[in-house]
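Beneath this line is the structure, given in structure tokens, with notes to follow.
None of the figures in this text is laboratory data; all of them are computed from the coordinates on show. Not measured: the values here are computed from a predicted model. Cβ placement follows ideal geometry from the backbone for every residue including glycine, while neighbour counts extend to all protein chains displayed.
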Amino acid sequence: MIAIIDYDAGNLKSVEKALIRTGAEPVVTRDAGVIERADKVILPGVGAFGEAMEKLKKFHLIDPIYKAIGQEKPFLGICLGLQLLFEYSEEKEGCEGLSVLKGGIRRIPEAPGLKVPHIGWNSLQVKEGAALFHGLPAEPYVYFVHSYYLQAKDEEIVAATTEYGVTVHASVEKDNVFACQFHPEKSSEAGLAILKNFVEL
């Protein structure tokens, strides 16, 4: 069973439907007991960093997240879910993230010809051996919607990058923790393949 954490941060249904298409059995929940019993856990999300951290606190979900990661269950952050796993975001000054991984979330800089938020399809440069991208083409196209991007402190954990005015750390992998800035659930066949790789870990 895969627990999808519900903290009122959107895109739950699309993640759930995509997982069902891979043959998985997802459960959307904010119940700590269900999260503890799950084989794998997903933290999805769209929206604002500070508000999301407040909701995780409000629904008493921070300890279950730490517990799931500590139990070495495969854990996947998607979009805002990736950002929350890091130490801070420039979106909300003084608001700490979950600090599961080291690094910060920065505003995409304005540049000629680039729109912020970044909305659309970009190709990824994938690191050889990255588990989520097993069996995918060398430069898969995936769908992004974001105004802030990850700058991981340790580049060793970066599984994929893309270019959008800056080098975006688009996916990370460290031990049992995986995360994507893009939306695999909206990334057509490539996205389903990424989710299936996670399901089969």
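Just in segment 96-201: which GluC sites (Glu not before Pro) are loop by DSSP and have at most 10 other Cβ atoms within 10 Å?
Here the sparse-neighbourhood loop sites are Glu110, Glu128.
In Å, what Rg and Dmax follow from the Cα atoms of segment 105-201?
Values for segment 105-201 (Cα only, Rg and Dmax): 12.9, 42 Å.
Given the pairs Lys40/Lys67; Lys115/Lys153; Lys17/Lys67; Lys13/Lys73; Lys55/Lys153, which span a C-alpha to C-alpha distance of over 19 angstrom in this model?
Lys115/Lys153; Lys17/Lys67; Lys13/Lys73; Lys55/Lys153
Calculate, for Glu72 and Val27, the FRET efficiency according to 1/(1 + (r/R0)^6) with r their C-beta to C-beta distance and R0 22 Å; round to the nearest 0.05.
With R0 = 22 Å, the Cβ-Cβ based efficiency is 0.65.
Pull out the extension gain between Arg106 and Glu87, defined as 0.36 nm times the separation in residues minus the alpha carbon to alpha carbon distance; nm, one decimal.
Once the chain is fully extended between Arg106 and Glu87, it gains 5.7 nm.
Taking every DSSP beta bridge that has both residues in the chain, what percent is antiparallel when rounded to the nearest 5?
Roughly 60 percent of the beta bridges in the chain run antiparallel, per DSSP.
Can you give the FRET efficiency to the nearest 0.05 for Thr167 and Ile62, using r as the Cβ-Cβ distance and R₀ = 22 Å?
0.15
Name the residues whose placed amide hydrogens come within less than 5 Å of the amide hydrogen of Tyr148, ignoring near sequence neighbours (fewer than 5 apart) on the same chain.
Excluding prolines and chain starts, which carry no amide H, the hits are Ile108.
What is the list of residues in segment 166-190 whose amide nitrogen lies under 19 Å from a point 7 angstrom out from the Cα of Ser123, following Cα to Cβ?
Only 166-171, 182-183, 187-190 fall inside the zone, counting backbone N under 19 Å.
Check which residues have an amide H placed less than 5 Å from Ala179's amide H, if you skip close sequence neighbours.
Result for Ala179 returns Gly77, Val172.
With an 8 Å cut-off on Cα pairs and a minimum separation of 6 or more residues, tell me the relative contact order of segment 116-177 in percent.
Computed over segment 116-177, the figure is 35 percent.
Report the percentage of all Cα-Cα pairs in the chain whose separation exceeds 30 Å, rounded to a whole percent.
Roughly 12 percent, once rounded to a whole number.
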